[in-house]
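One structure below.
FYI, it's all coordinate maths here, none of it is from the lab. Predicted, not measured: the structure shown is a model, and the values here were computed from it. Note that each Cβ is placed from the backbone with ideal geometry, even for glycine, and that neighbours are counted across all protein chains shown.
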Number of protein chains: 2
Amino acid sequence: MTAPVDPPARLLMGPGPIDADPRVLRALSTPLVGQYDPVMTGYMNDTMELYRGVWATRNEATVLVDGTSRAGIEAALVSLVRPGQRVLVPVFGRFGHLLVEIARRAQAEVHTIEVPWGEVFPASVVEEAVRRVRPHLVAVVQGDTSTTMNQPLEELGAICARHGALLYTDATASLGGNPFEADAWGIDAATAGLQKCLAGPSGSAPITLSERAVAVVRARSRVEEGLRVEGDPDTDDPVRSNYFDLGMILDYWGPRRLNHHTEATSMLYAARECARILLEEGRQAVIDRHALHGRAMLAGVRGLGLEVFGDVAHKMHNVVAVHIPAGVDGDAGRAAMLADYGIEIGTSFGPLHGRVWRIGTMGYNARRDAVLLTLAALEQTLRRGGVRVPAGGGVDAALEAYAA
Amino acid sequence: MTAPVDPPARLLMGPGPIDADPRVLRALSTPLVGQYDPVMTGYMNDTMELYRGVWATRNEATVLVDGTSRAGIEAALVSLVRPGQRVLVPVFGRFGHLLVEIARRAQAEVHTIEVPWGEVFPASVVEEAVRRVRPHLVAVVQGDTSTTMNQPLEELGAICARHGALLYTDATASLGGNPFEADAWGIDAATAGLQKCLAGPSGSAPITLSERAVAVVRARSRVEEGLRVEGDPDTDDPVRSNYFDLGMILDYWGPRRLNHHTEATSMLYAARECARILLEEGRQAVIDRHALHGRAMLAGVRGLGLEVFGDVAHKMHNVVAVHIPAGVDGDAGRAAMLADYGIEIGTSFGPLHGRVWRIGTMGYNARRDAVLLTLAALEQTLRRGGVRVPAGGGVDAALEAYAA
């Protein structure tokens, strides 16, 4: 007979998922309540309000999509873009390609601009492309975890508004660990997941939509077959998905509580707890904590003599990529870290696969002990892999960064 | 400051979601492991094998879709049906309408046949429609929870095979509590959720695909932008969804482990535990248990003088619908059950909304004490609502059914 799950101890210091905060794990094990129990709808309302705090927005339309972060991306793109409409995607890593992939499947006319992996776009380059393409939507990743880069978004909202485009961003890898200001930056739609800086498990996708975005969604609204009554909105050109139709999802979360999916109660508990503990610590305090431990890890890997990948000035706080030293088998190094120390670090995708390791400091693991343990174990792993490393170089540099 | 979730005690005796088995809640709170940790991929493989047992199939393609049961339905329909292809949906309740809705959004040419709510289709009626419509796919709900009816599927696989159609069924409300034989019945695709007889939370959708269904999916396969390498499959006509592209989902669960979504680890733990405890008790034993407690509840509601809705011979084991007695406000009765006894029972949709109550006996709550408590509380609620009920009539009838 198969035994219950009983995983070994792990410290997940890769690019995410990372260890969930124990408080989130406890929330996950909470008994269920019914879908329309006033207690449940109260929790849904709490969750909307808590995520307004996380996203820094007053958007009424702030809910969860029941799926992984990729489900949130697809819900945003299929609900905001009609087939044939133009979408501009600035691509600076693997997750920009994912936006292209999803938008193409939604039959958008997709235009891209690219910079080499490890760089970000100056706002002027995006504006020039917007002027040329005249897109209905600009879709851009904030933090592309494949390269660790954090695309500045501050000016993009105004650029899009000037040219009549909507601005969508995928903040999965960055939200919580780096500044994000949905309202102040003029973001029309943003989505994320729980498994990075929010310290939860994958499987729920927070989303927020501006009034402008809601109007676009509502223009395609329709009440489902079997629920529709006289006078309900209908359309000949609905969103090409039922599950990801944000109009329906908003009707379910809104006062009408129109039945759509059966809300994933346990994941809602987790998502609510992720936001609750983030706001309890303080949104800026959590960003500052990610900045601090990210600086320490950056100093530490440099102290071990490793070369950092990409434009460090535009790196996310919560992850660093380092070139795997010449002569070292990257996968063997990761396997040794896992087998000998129970610590997971990551590789990357595409052109960076096997060329870099990615080391995260995020969510519950943006902690001093997690940083120092990882550096101590990495030093031993490099040394035993034949790399000449300064003894204590990683830990000393990190401690200096903490002392500064 | 918002407090952590702390719901009141509830006994969920509606049509689902119901209380999760405590073992499933404990599995949910298990610490995470990395996405490609051998421990995680081992759990994924276990889950595939366990669900083969639940579905009674040898289908290699037996995995989870990361979303609610509706996500599983959409994944099956958008992956199996190209725009313009004919789909036949026999509709006998609200969830038949949902299949119509989802297939239409996938731009299928949808044909329906209908019977009144409370009935099911004779196989000959389905065959006649298949002969006339010549569909690519027949999509039918097994247990339509809106009416409590359980559509016999035993003959439909052979009918579809004879006419060159694929057979898909949504077994969300029925799987685990009623017979289901994917291979013996010739089912090409089936999906479910955890929140009914499987005793888990909503948010993960088990799915199984026959080799014939896999071939249809594979003919539209494509490796994602940013991951594709020379020689990988590509197509000009991919599935119109990335998240629900079963070819990609199978590549992620299969030996190639191609990155797609980040598997929802906690929900995978839950899904694995649901199947594990079901098979530990025994698949037939669990069905028998649902039959037993369903019979007791049926006898009990009749013993209270309530009239049962629909064709009882074709009722699912795990839920019964009763007409709300004349003069009783159905919502007030449900509210009293919840407020006074912490017991949730359900209403229904569309033509049955406010006309029936639906009472479930499923998953963890297919238990003698849950049945007797519900009947005792319902008697008091009816009595205080002004209905003349035989004192002890529900409990006595249920106890007689247990004794039989």
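B:His353 to B:Glu155: extension gain in nm, 0.36 nm per residue of separation minus the Cα-Cα distance?
Extending this stretch completely gives an extra 68.1 nm.
Dipole magnitude of segment B:1-94 about its Cα centre, charges +1 at Lys/Arg Cβ and -1 at Asp/Glu Cβ only, in debye to the nearest 20?
Here the size comes out at about 440 debye.
Taking Rh as the Kirkwood radius, which is the inverse of the mean 1/r over Cα pairs, what is the Rg/Rh value for segment A:1-102?
1.04
If you consider only alpha-carbon coordinates, what radius of gyration and Dmax does segment B:280-344 have, in Å?
When restricted to Cα atoms, segment B:280-344 yields Rg and Dmax of 14.2, 46 Å.
Please work out the C-alpha center-to-center distance from segment B:220-295 to segment A:322-390 and express it in whole Å.
30
Any idea what the B:Asp232 label distances to the other copies are, label 7 Å down the Cα→Cβ vector, nm, shortest first?
B:Asp232 label point versus its equivalents elsewhere: 4.0 nm.
Could I have the simple spin-label model distance between A:Ala404 and B:Gln107, label points 7 Å from Cα toward Cβ, reported in nm to one decimal?
Here the answer is 5.5 nm between the modelled labels.
Once the label point is placed 7 Å from Cα along Cβ, list for B:Glu181 the distances to the corresponding points in the other copies, in nm, shortest first.
6.6
Within straight cross-link reach of B:Lys196, meaning Cα distance under 16 Å, which lysines are found once same-chain residues fewer than 8 apart are removed?
Answer for B:Lys196, where 16 Å is the Cα cut-off: B:Lys315, listed by chain and number.
With the Cα gyration tensor of segment B:109-225 giving a ≥ b ≥ c as the square roots of its eigenvalues, does the rule (a/c under 1.5 for rounded; else a/b larger than b/c for prolate; else oblate) give rounded, prolate or oblate?
Taking the square roots of the gyration eigenvalues as a ≥ b ≥ c, segment B:109-225 is oblate.
Quick one: grab Rg to one decimal and Dmax as a whole number for segment A:161-289, Cα atoms only, in Å.
16.6, 53
Which of rounded, prolate, oblate describes segment B:80-146, given a ≥ b ≥ c as roots of the alpha-carbon gyration tensor eigenvalues and a/c under 1.5 marking rounded, otherwise prolate only if a/b is larger than b/c?
oblate
Angle between the Cα long axis of helix A:123-133 and the longest principal axis of chain A, 0 to 90 degrees, nearest 10?
40
Could you give the alpha-carbon Rg of chain B over 2.2 N^0.38 Å, rounded to two decimals?
That works out to 1.01 for chain B.
What is the Rg over Rh value, at two decimals, for segment A:283-403, using alpha-carbon atoms and the Kirkwood definition of Rh?
When Rh is taken as the Kirkwood radius, the ratio is 0.94.
Over segment B:22-279, what is the relative contact order in whole percent, taking alpha-carbon pairs under 8 Å and six or more residues apart?
Normalised by residue count, the contact order of segment B:22-279 is 27 percent.
If each label sits 7 angstrom from Cα along the C-beta direction, how far apart, in nm, is B:Arg383 from its counterparts in the other copies?
In ascending order, 7.8 nm.
How big is the equivalent ellipsoid of the protein assembly as shown along its three axes, where each semi-axis is √(5λ) from the Cα gyration tensor, reported in whole Å from largest to smallest?
45, 29, 26
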